[in-house]
Amino acid sequence: MKEFALIFRLKDVSDFKPSPEQIQERLNWLGSIAAQNKLVDKGNTLLPAPGAAKTVRPDHIVTDGPYTEIKEFISGYIIVRAESIEEAVEMAKGNPIFKMGGNIEVREVLKVNN
């Protein structure tokens, strides 16, 4: 099996306060993945304050945020185990972030063998 990062993004986190129902829905979604033994790392919630994110580029050029063009915030991530990216995408489709206008980027985690 391969590992995939599910990266959660929101458009605006300045006043994002999930309701108890939204938190429970996310926990239920995570629990369903864990019950299949496909949750590798439950990750972390990363809700930066507006203007608190910077990207350092070659030649020490510093720009605002991780995605200045689209102004989205990375609000968290998890690592899942799946046979293919398509399976990881199917897992992502059940996340309640879509109800809040968010989206999920799915990326394969490449392992470096030493």
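Other residues within the sphere of radius under 11 Å centred on the Cβ of residue 81, judged by their own Cβ, net out at -2 (K and R +1, D and E -1). Highest average first, the peptides 22-35, 75-88 ordered by how many other beta carbon atoms sit within 10 Å of their residues are 75-88, 22-35. Placing a pseudo-label 7 Å from each Cα along the Cα-to-Cβ vector at residue 1 and residue 22 gives an inter-label distance of 3.0 nm. Approximating the spin labels as points 7 Å out from Cα along Cα→Cβ, the residue 11-to-residue 83 distance works out to 3.7 nm.
The H on the amide N of residue 109, modeled in the peptide plane, is under 5 Å from the matching H of 3, 4, 5, each at least 5 residues off or on a different chain.
Within the shell of other residues whose beta carbon sits under 11 angstrom from the beta carbon of residue 41, the net charge comes to +1, with Lys and Arg scored +1 and Asp and Glu -1.
FYI, it's all coordinate maths here, none of it is from the lab. For clarity, every value in this text was computed on a predicted model and none was experimentally measured. Ideal geometry is used to build each Cβ from the backbone, glycine not excepted, and the neighbour counts take in all protein chains shown.
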